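Shown next, in structure tokens, is the structure this report addresses.
The values are calculated or read from the model by the stated rules, or taken from the named source; none is laboratory data. The model shown is predicted, which means the values in this text are computed figures rather than measured ones. For neighbour counting, all protein chains shown are included, and Cβ atoms are generated from backbone atoms with ideal geometry for every residue, glycine included.
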Amino acid sequence: MKIVIRSVSIVALMVGLLGSSAHAVPAAAPAAKGALQRDLLGVYSFNEKEVLQLLDAIPQNKFTWRPGPGVRSIAEAFLHIAFGNYGLTKAATGKEPPADAGWEMNPAKWDKKTTDKAEIKKILEKSFAYAHEVISSVPDADLDKMVKFFGHDMSVRSVLIILVGHLNEHLGQEVAYARMNKIVPPWSEGEKKMPMDEKKQ
């Protein structure tokens, strides 16, 4: 349960710092049914954008890189985000992922689907669009419903918060991987060009 607590804390901090109004849900997404759903999508959309920006910045020849044996590679960590998007929305709502997603409850198999950058981007984008659809459609009346989550009784609300935390967690993982390969996240590009004395001002 320590992981759950950490994810919830991260999401709470992001909501406080960013605010939902500053990062609107993409126009194509349906209007969220309630305030929580809207706020979750605000944070989710912000992190989703950074995931895709980072993926674009990492060259194909780095997608098989991993920090050590038995640890997810860059490709596997990106694919695991998509796995969570399907698995956690299913846990929250009971709704099966679309058949054409090819999802199954087997992360080890899913995470190794491909190392092709373009294909991984398509898989991610499809899973992000699906998560938007599911989060947006959850009625307020369902938020307090209890569901089984890895053997624990949790509310739908809690699982949706964990979904956003999961995305945030693995974005951080990919940022660390990128930095270890001397790849600067696109949203930090300005920092490396600033003299140290300017940074201090």
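So here's what we get for this one:
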item	result
Any pair with Cβ under 9 angstrom, 6 or more apart, that starts in segment 83-111 at a residue that is closer than 25 Å to GLY70 by Cβ and aliphatic (A, V, I, L, M) and ends at one that is at pLDDT below 95 and surrounded by 13 or more Cβ atoms within 10 Å (Cβ to Cβ)	LEU88/PHE149
Per-region count, segment 49-91, residues among the polar types (S, T, N, Q) and either more than 29 Å from ARG157 (Cα to Cα) or at pLDDT below 95 (or both)	4
Flag for VAL134 being at pLDDT 95 or above, buried (at least 19 other Cβ atoms within 10 Å of the Cβ) and either in contact with a helix residue (DSSP H, G or I) (Cβ under 7 Å, 6 or more places away or on another chain) or not small (Gly, Ala, Ser) (or both)	yes
Residue in segment 168-201 that is nearest to HIS80 (Cα to Cα), counting only those that are aliphatic (A, V, I, L, M) and either under 24 Å from the mean Cα position of the chain (by Cα) or at pLDDT 70 or above (or both)	LEU171
Members of segment 106-125 found to be buried (at least 16 other Cβ atoms within 10 Å of the Cβ) and among the basic types (Lys, Arg), listed by number	LYS113, LYS117
Some residue of segment 110-119 being out of contact with any His (no Cβ under 8 Å at 6 or more places or on another chain), farther than 21 Å from SER45 by Cβ, at pLDDT 95 or above and part of a strand (DSSP E or B)	no
Which numbered condition SER155 misses (of (1) without any contact (Cβ under 8 Å) to a residue 24 or more places away in the chain; (2) in contact with a strand residue (DSSP E or B) (Cβ under 9 Å, 6 or more places away or on another chain); (3) closer than 16 Å to ILE81 by Cα)	(3)
Qualifying residue in segment 92-101 (condition: of a type outside the set (Val, Ile, Thr), buried (at least 19 other Cβ atoms within 10 Å of the Cβ), at pLDDT 95 or above and assigned to a helix (DSSP H, G or I))	yes
